[in-house]
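One structure below.
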Amino acid sequence: MAVKSGNASPAERASDLRGRIEDANYRYHVLDDPAISDAEYDLLLRELKMLEEQHPELATPDSPTQRVGGAPSSDFTPYRHDVPMLSLANAFDEDDLRAFGARVAKLAGKTPAYVCELKIDGLAISLRYENGVLVSAGTRGDGSVGEDVTPNVRAIRAIPRRLSDAAPARLDVRGEAYLSRSEFAALNGAREARALTPFANPRNAAAGGLRQKDPRLTAERRLSFFGYATGAFDDADALPRTQFELLAYFQILGVPVNPHATRCASLDDVLAFCREWEEARETLDYEIDGIVIKVDDLELQARLGYAGKDPRWAIAFKFRAQEARTKLLKIDVNVSRSGKLNPFAVLDPVAIGGVTVRMATLHNEADIVRKDIRESDTVIVHRAGDVIPYVVGPVLELRPKKTRVYKIPAKCPVCGSPVDHPEDDVFSYCTNAACPAQVRERIRHYASRGAMDIEGVGDVLAGALVDARLCRDVADLYDLTVERLASLPRMAEKSARNVVSAIEGSKSRGLARVLVALGIRYVGGQNASLLAGEFGTVEAVMEASEERLAAVAGIGPQIAESVAFFFRQKPNRAIVARLDATGVALTAPRTPKVVAGPLAGKTFVLTGTLPDWTREEAAGYIVAAGGKVVSGVSKKTDYVVAGDEAGSKLIKAQSLGIAILDEAGLRALLNA
């Protein structure tokens, strides 16, 4: 639940902002499925940065203000950057840009020359060349570790496999992989002809193309590339001394660079360049969302260095968002792969920034009610950052009479099952595990490492199984044969045998893993272990009342309500019955009742990654010693056990003065 800044303490607001930014980072950088616009993200990040500056005690090393992008996807081998790929601070107007120029001039002791480059809306990648030959490539990731996409990068014709003889022994070329507007239109036209969902924008299509498991699919996207910087390199004397000369050097090597880069002698020239391209952006065959301004002198860049994650010598000037008014014809709903009901606006088509917009996001029901958006309204549509158009709000003076306040559907528009609307959540969810809109994601989740750990069943195979109608729900996995799997595209008989063997091996995982795999909201490994240990069988869990579930130490009313709601759905109970019939283990050893122990009467919250124990193991030891493990920090919490990358729970505990333990401290309590 979002915390309103007016009613929240600085610590609570900072925690809320971090959570929203991290979720946006994950969706943008890992899932390639942005939930908010660039402009909204920039405002959230800007507010958090100001809050941390005003309250330095709230700043943490893992804050999004100190990090770059999102965590690398687990679907690819990690790619470690020898020199971090850092992001840029943003300037939103002339005042921001002049403040940047004043800081640079003060630190440099002079007014330097700048280079202005178009900010391409694509995916940042780093190319490693050794003796002029392309040997590896990786995405930005979190700045230090990205995803190894070497085979896919080799499939991009715009990226040279070999540089000219002028190349040093080792050189990292950094740049942007992107999809041109013309190729994007052709790609979507081909998808629509095959009755496939068109891509939302060129950036998503480019990112998805680069993250294909099959390089041939990457080649079909016809991506392009512009180089703009270096990472690690040998023979520094061979490199140019200025950014502008570096771009010319890249061209000598055979690396494509953007032809519109311009050297500017003053900040006035920089501003003129920004204004010119903000007006001319639609004349290009690729998307840009701003201008990158860099100090031209590379030696001066090195002397100026960095402030946190941002270089002091560069900044990104973000173009103003583009808006228009149009009629909201209908509020419709789609169901995401995770079961979330996402309302969207069906609009009277309107041209915004050279693009015809027919639909726009409405985020969620709470946002619709807060903005008082209704069908038949004239609305302001914002196309921010060229990513996802969204409805800013209605023009109330143009509202027709007898419009109705919007209500999210009570039943899933895809399968007709009852919709769950958790009290503290702005979204509603379809919890039918067999809902056609969710099958692919449910299968992928069921087979994931934290659930049933079925090697070989990932997103691609899950999609292929659904497309071939071999799986209507997760229970169908256990009916798969080698022959059926081998009939799928690019599935050899040996691979099919390995998958069938892995599926068979998953039957013995036990009740706790099954509860995780079913995808019940709020039920992760820790809560699943508590439920399995308390009830022992899936039948006991399914038949337990909401009150009985809430009475389990560490569960509480929110989780209890979610579990009870899930098992009230007949399709979900039918899936469990079919899992039972196939021989999946649906039992677990009961947790012994402890009357007293060294932790009796104490309440614990676990956060972060512990060095030796998993959170489930730590929770088990606490419960066995008479303690109670809960998911949320409150004034009633006695201890917070914090490991690496502990986040908002640790911050909240510190603000409430709750005792903080590491793993060694917990062991000491257990041994007392």
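Meeting the requirement of 2 or more residues that are among the small types (Gly, Ala, Ser) and closer than 29 Å to Ile503 by Cα, the helices (runs of 4 or more DSSP H) wholly within segment 387-490 are 459-467.
Taking the criterion of being free of Cβ contacts under 8 Å to residues at least 40 places away in the same chain, of a type outside the set (Asp, Glu), under 17 Å from Gly19 (Cα atoms) and in contact with a helix residue (DSSP H, G or I) (Cβ under 7 Å, 6 or more places away or on another chain), would at least one residue in segment 627-643 satisfy it? So far as segment 627-643 goes, yes, one or more of its residues are free of Cβ contacts under 8 Å to residues at least 40 places away in the same chain, of a type outside the set (Asp, Glu), under 17 Å from Gly19 (Cα atoms) and in contact with a helix residue (DSSP H, G or I) (Cβ under 7 Å, 6 or more places away or on another chain). Looking at segment 222-326, the strands (runs of 3 or more DSSP E) lying wholly inside it that each contain 2 or more residues that are out of contact with any Asp or Glu (no Cβ under 7 Å at 6 or more places or on another chain) and under 19 Å from Ala102 (Cα atoms) sit at 288-295, 314-318. Only a single item in (1) in contact with a Phe, Trp or Tyr (Cβ under 9 Å, 6 or more places away or on another chain); (2) at negative phi; (3) modelled with pLDDT of 90 or more is not met by Glu287, and it is number (3).
Within the option set Phe184, Phe233, Phe225, being in the same structural domain as Cys264 (by TED's automatic domain parsing), without any contact (Cβ under 8 Å) to a residue 24 or more places away in the chain and crowded, with 18+ Cβ neighbours inside 10 Å holds for one residue only, Phe184.
The sole residue among Arg170, Arg161, Arg157 that is closer than 16 Å to Glu130 by Cβ and at pLDDT below 90 is Arg161.
Residues that are closer than 30 Å to Asp23 by Cα and touching a strand residue (DSSP E or B) at 6+ places or on another chain (Cβ under 8 Å) occur in segment 589-603; there is at least one. Restricting attention to segment 535-584, the residues that are of a type in the set (S, T, N, Q), surrounded by fewer than 20 Cβ atoms within 10 Å (Cβ to Cβ) and closer than 17 Å to Gly524 by Cα add up to 1. Contact map, segment 403-420: first residue in contact (Cβ under 8 Å) with a residue 60 or more places away in the chain, second residue loosely packed, with under 15 Cβ neighbours inside 10 Å and assigned to a strand (DSSP E or B), Cβ cut-off under 7 Å, separation 6 or more or different chains; pairs are Ser417/Lys411; Pro418/Lys411; Val419/Lys411. Considered as a group, the residues in segment 322-336 that are surrounded by fewer than 18 Cβ atoms within 10 Å (Cβ to Cβ) and at pLDDT below 85 include one that is nearest to Glu279 (Cα to Cα), and that residue is Glu323. So is Val173 touching a Gly at 6+ places or on another chain (Cβ under 6 Å), within 30 Å of Ala113 (Cα to Cα) and assigned to a loop (DSSP other than H, G, I, E, B) or not? No: the conditions fail for Val173. Just one of the numbered conditions (1) within 24 Å of Gly308 (Cβ to Cβ); (2) surrounded by 21 or more Cβ atoms within 10 Å (Cβ to Cβ); (3) among the β-branched types (Val, Ile, Thr) is not true of Val145: (2).
Scanning segment 126-147 for residues that are in a strand (DSSP E or B) and within 20 Å of the chain's Cα centre (by Cα) gives Gly138, Thr139, Val145, Gly146, Glu147.
Cβ-Cβ distances below 6 Å connect the following pairs, each with a first residue in segment 567-587 that is farther than 14 Å from Met542 by Cα, a second residue that is among the aromatic types (Phe, Trp, Tyr), and a separation of six or more residues or different chains: Thr582/Tyr478.
Any residue at all in segment 520-531 that's more than 27 Å from Ala462 (Cα to Cα), outside any loop (DSSP other than H, G, I, E, B) and more than 33 Å from the chain's Cα centre (by Cα)? No, segment 520-531 contains no residue that is more than 27 Å from Ala462 (Cα to Cα), outside any loop (DSSP other than H, G, I, E, B) and more than 33 Å from the chain's Cα centre (by Cα).
Would you point out which residue out of Gly132, Gly175 is closer than 22 Å to Gly209 by Cβ and surrounded by 17 or more Cβ atoms within 10 Å (Cβ to Cβ)? After applying the criteria, what remains is Gly175.
Restricting segment 106-116 to residues that are in a helix (DSSP H, G or I) and in contact with a helix residue (DSSP H, G or I) (Cβ under 9 Å, 6 or more places away or on another chain) leaves a set whose member that is nearest to Asp310 (Cα to Cα) is Leu107.
A search for C-beta distances below 9 Å between a residue of segment 268-279 that is of a type outside the set (Lys, Arg) and any residue that is assigned to a helix (DSSP H, G or I), counting only pairs 6+ apart in sequence or on different chains, returns Val270/Leu97; Val270/Gly101; Leu271/Glu94; Leu271/Leu97; Leu271/Arg98; Cys274/Glu94; Cys274/Leu97.
Considered as a group, the residues in segment 342-355 that are under 27 Å from the mean Cα position of the chain (by Cα) and surrounded by fewer than 20 Cβ atoms within 10 Å (Cβ to Cβ) include one that is nearest to Val391 (Cα to Cα), and that residue is Phe344.
The values are calculated or read from the model by the stated rules, or taken from the named source; none is laboratory data. Predicted model, so just to flag it, every value in this text is computed and none were measured. Cβ sites come from the backbone with ideal geometry, for glycine too, and all protein chains shown count toward neighbours.
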